[in-house]
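Chemist: Quick one: the structure is below, and I'll ask about it shortly.
The values are calculated or read from the model by the stated rules, or taken from the named source; none is laboratory data. Bear in mind the structure is a predicted one, so any value in this text is a computation, not a measurement. Here Cβ is always computed from backbone atoms with ideal geometry, including for glycine, and neighbour counts include all displayed protein chains.
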Ligand SMILES: [Zn+2]
């Protein structure tokens, strides 16, 4: 069994890895490193870049070293609908003559992205429900195990073969009250552990945090406390969160209705992720919100809100300070709505720890403060497991080999320290790898 670490092992973003088993390769995730792309657009560079140029500037994972083996690739498996896991598929998937497999929601988001990017993919889409088994080839079967994270229909992927089980466990937490969907399938995880897991690639993002990641139920309470507790008389309430965080959006709607305000969702990515969830029947927000994706309608709505500030809750894009998002444009007076002293801006998120994002957020907050808006930050719990969850996960799965993923060396080292403490041997059974490396396991 050979594991190729392609992206997301030297940075937080552009996740991608591949496994070779008896001359057949399965790819897991094809993610974007988003900040680089957004900042390039912000600098006015609207030039169409080729896939290779995007790889060179670090927006896409560098899969060129896989190219000579591209004929061996039998499937591309996408773990969930976040851009740092699926966003590169519209650019890279065409290189491989194989199907793309994901849960229905992930596939729906991918289809929207392919349409928006105006690309054509010949790959067949296969929507696989969690806890299903799928035969990729005579030797390899894929199993999706239901997990919880910060969007919907997230799975742990297990590959079954004669060489043992390979587990791709990137982006999850143990949430017994996820708001939408079921708790993780612990029974299945234990079953896999008993059968024997050869290699597990594990989300190490928060592995230095010595705690258990709290449930979405806690985030809901934090949000409720702010939204119900703050003095919002004659003030606008604006909430920004990850557009794909459907459970969080559901909570915002619940509280907005209780406050008797009209709830307006503004921005293209909110439109994309919420429309897909509605189309698949995961949520039904239609009667409760206005969902506005496109510029002219956004402007019209904002002028209306400006005149009735205390009648609305604005939910908009821009939680990471993305240039071009609704909140960034509001902060720069580019839209027909002005903040007034005491208006409320709730960041129901955390800042993604990349240098570009941290800088973008600082700039946004400075501008909002100049306008005298009140800022409520970190009204959020993470979607990623923390160290004590890692310990439980490793005890359940008992993988022979661990490869930490989802971060730079510092983040990967957190999981490596824990694994060593639990009896794993550095470079023998716990492998801290960088982008562009290969590990062969006998
Ligand atoms: Zn994710």
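Chemist: Pick out the one residue from 210, 221 that is surrounded by fewer than 16 Cβ atoms within 10 Å (Cβ to Cβ) and in contact with a strand residue (DSSP E or B) (Cβ under 9 Å, 6 or more places away or on another chain).
Modeler: On the way: 221 fails: in contact with a strand residue (DSSP E or B) (Cβ under 9 Å, 6 or more places away or on another chain).
Among 210, 221, only 210 is surrounded by fewer than 16 Cβ atoms within 10 Å (Cβ to Cβ) and in contact with a strand residue (DSSP E or B) (Cβ under 9 Å, 6 or more places away or on another chain).
Chemist: So which residues in the stretch 192-228 are part of a helix (DSSP H, G or I) and either within 21 Å of the chain's Cα centre (by Cα) or closer than 18 Å to residue 381 by Cβ (or both)? Full working, then the answer.
Modeler: In the first step, residues of the stretch 192-228 are kept if they are part of a helix (DSSP H, G or I); the result is 192-195, 216-228.
Answer for the stretch 192-228, where residues must be part of a helix (DSSP H, G or I) and either within 21 Å of the chain's Cα centre (by Cα) or closer than 18 Å to residue 381 by Cβ (or both): 216, 217, 218, 219, 220, 221, 222, 223, 224, 225, 226, 227.
Chemist: Separate question: How many of the residues making up the stretch 70-88 are assigned to a helix (DSSP H, G or I) and under 16 Å from residue 25 (Cβ atoms)?
Modeler: The first filter runs over the stretch 70-88 and keeps only residues assigned to a helix (DSSP H, G or I), leaving 70-72, 83-86.
Restricting the remaining residues to those that are under 16 Å from residue 25 (Cβ atoms) gives 70-72.
Qualifying residue count for the region: 3.
Chemist: Hey, another quick one. When the stretch 140-167 is examined, which residues are found to be within 13 Å of the ligand (Cβ to nearest atom) and either in the same structural domain as residue 244 (by TED's automatic domain parsing) or assigned to a strand (DSSP E or B) (or both)? Let's see the steps before the verdict.
Modeler: First, pick out the residues of the stretch 140-167 that are within 13 Å of the ligand (Cβ to nearest atom): 147-156.
Scanning the stretch 140-167 gives 147, 148, 154, 155, 156.
Chemist: Taking residue 130, is it under 20 Å from residue 384 (Cα atoms), more than 14 Å from the ligand (Cβ to nearest atom) and assigned to a loop (DSSP other than H, G, I, E, B)? Steps first, please.
Modeler: Numbers: under 20 Å from residue 384 (Cα atoms): yes; more than 14 Å from the ligand (Cβ to nearest atom): yes; assigned to a loop (DSSP other than H, G, I, E, B): yes.
For residue 130, the condition - under 20 Å from residue 384 (Cα atoms), more than 14 Å from the ligand (Cβ to nearest atom) and assigned to a loop (DSSP other than H, G, I, E, B) - is met.
Chemist: Quick check, is residue 194 modelled with pLDDT of 95 or more, in contact with a strand residue (DSSP E or B) (Cβ under 6 Å, 6 or more places away or on another chain), more than 16 Å from the ligand (Cβ to nearest atom) and farther than 30 Å from residue 253 by Cα? Spell out the reasoning first.
Modeler: Working: modelled with pLDDT of 95 or more: yes; in contact with a strand residue (DSSP E or B) (Cβ under 6 Å, 6 or more places away or on another chain): no; more than 16 Å from the ligand (Cβ to nearest atom): yes; farther than 30 Å from residue 253 by Cα: yes.
For residue 194, the condition - modelled with pLDDT of 95 or more, in contact with a strand residue (DSSP E or B) (Cβ under 6 Å, 6 or more places away or on another chain), more than 16 Å from the ligand (Cβ to nearest atom) and farther than 30 Å from residue 253 by Cα - is not met.
Chemist: Would you be able to say whether some residue in the stretch 236-250 is over 23 Å from residue 270 (Cα atoms), within 16 Å of the ligand (Cβ to nearest atom), in a loop (DSSP other than H, G, I, E, B) and modelled with pLDDT of 95 or more? Before the answer, list the steps.
Modeler: Initial filter on the stretch 236-250 (over 23 Å from residue 270 (Cα atoms)): none.
No.
Chemist: Could you pull out the residue among 398, 411, 428 that is free of Cβ contacts under 8 Å to residues at least 12 places away in the same chain, in the same structural domain as residue 10 (by TED's automatic domain parsing) and more than 17 Å from residue 319 (Cβ to Cβ)? Break it down stepwise before answering.
Modeler: Values: 398 fails: free of Cβ contacts under 8 Å to residues at least 12 places away in the same chain; 411 fails: free of Cβ contacts under 8 Å to residues at least 12 places away in the same chain.
Within the list 398, 411, 428, the selection yields 428.
Chemist: Checking residue 238 against (1) buried (at least 18 other Cβ atoms within 10 Å of the Cβ); (2) under 22 Å from residue 153 (Cβ atoms), which single condition isn't satisfied?
Modeler: Here residue 238 meets the rest and fails (2).
Chemist: Let me confirm something: among 318, 324, which residue is part of a loop (DSSP other than H, G, I, E, B) and touching a strand residue (DSSP E or B) at 6+ places or on another chain (Cβ under 6 Å)? So that I can check it myself, show each step before the final result.
Modeler: Numbers: 324 fails: touching a strand residue (DSSP E or B) at 6+ places or on another chain (Cβ under 6 Å).
Step by step, each of 318, 324 is checked, and only 318 is part of a loop (DSSP other than H, G, I, E, B) and touching a strand residue (DSSP E or B) at 6+ places or on another chain (Cβ under 6 Å).
Chemist: Follow-up. Among the residues of the stretch 276-295, is there at least one that is outside any loop (DSSP other than H, G, I, E, B), surrounded by fewer than 18 Cβ atoms within 10 Å (Cβ to Cβ) and at pLDDT below 95?
Modeler: Among the residues of the stretch 276-295, at least one is outside any loop (DSSP other than H, G, I, E, B), surrounded by fewer than 18 Cβ atoms within 10 Å (Cβ to Cβ) and at pLDDT below 95, which makes the answer yes.
Chemist: Another question, if that's okay. For the subset of the stretch 89-104 comprising residues that are more than 16 Å from the ligand (Cβ to nearest atom) and part of a helix (DSSP H, G or I), which member is farthest from residue 438 (Cα to Cα)?
Modeler: Initial filter on the stretch 89-104 (more than 16 Å from the ligand (Cβ to nearest atom)): 90-101, 104.
Within this subset, residues satisfying the condition of being part of a helix (DSSP H, G or I) are 90-95, 104.
Numbers: 90: 25, 91: 23, 92: 20, 93: 21, 94: 23, 95: 20, 104: 31 Å.
Top of the filtered list is 104.
Chemist: Could you please find all residues in the stretch 168-191 being part of a loop (DSSP other than H, G, I, E, B) and either free of Cβ contacts under 8 Å to residues at least 12 places away in the same chain or within 12 Å of the ligand (Cβ to nearest atom) (or both)? Spell out the reasoning first.
Modeler: Pass one, the stretch 168-191, residues part of a loop (DSSP other than H, G, I, E, B): 170-172, 174-185.
The answer is 170, 171, 172.
Chemist: Could you list, in sequence order, all residues of the stretch 333-353 that are part of a loop (DSSP other than H, G, I, E, B) and either touching a strand residue (DSSP E or B) at 6+ places or on another chain (Cβ under 7 Å) or within 24 Å of residue 222 (Cβ to Cβ) (or both)?
Modeler: Kept after step one, since they are part of a loop (DSSP other than H, G, I, E, B), are these residues of the stretch 333-353: 333-343, 349-353.
Within the stretch 333-353, 339, 342, 343, 349, 350, 351, 352, 353 meet the criteria.
Chemist: Look through the stretch 354-392, keep the residues that are under 18 Å from residue 217 (Cβ atoms) and assigned to a loop (DSSP other than H, G, I, E, B), and return whichever of them is nearest to the ligand (Cβ to nearest atom).
Modeler: The selected residue is 383.
Chemist: Failed condition for residue 67, given (1) assigned to a loop (DSSP other than H, G, I, E, B); (2) more than 16 Å from the ligand (Cβ to nearest atom); (3) out of contact with any strand residue (DSSP E or B) (no Cβ under 9 Å at 6 or more places or on another chain), with all others met?
Modeler: Result: residue 67 fails condition (1) only.
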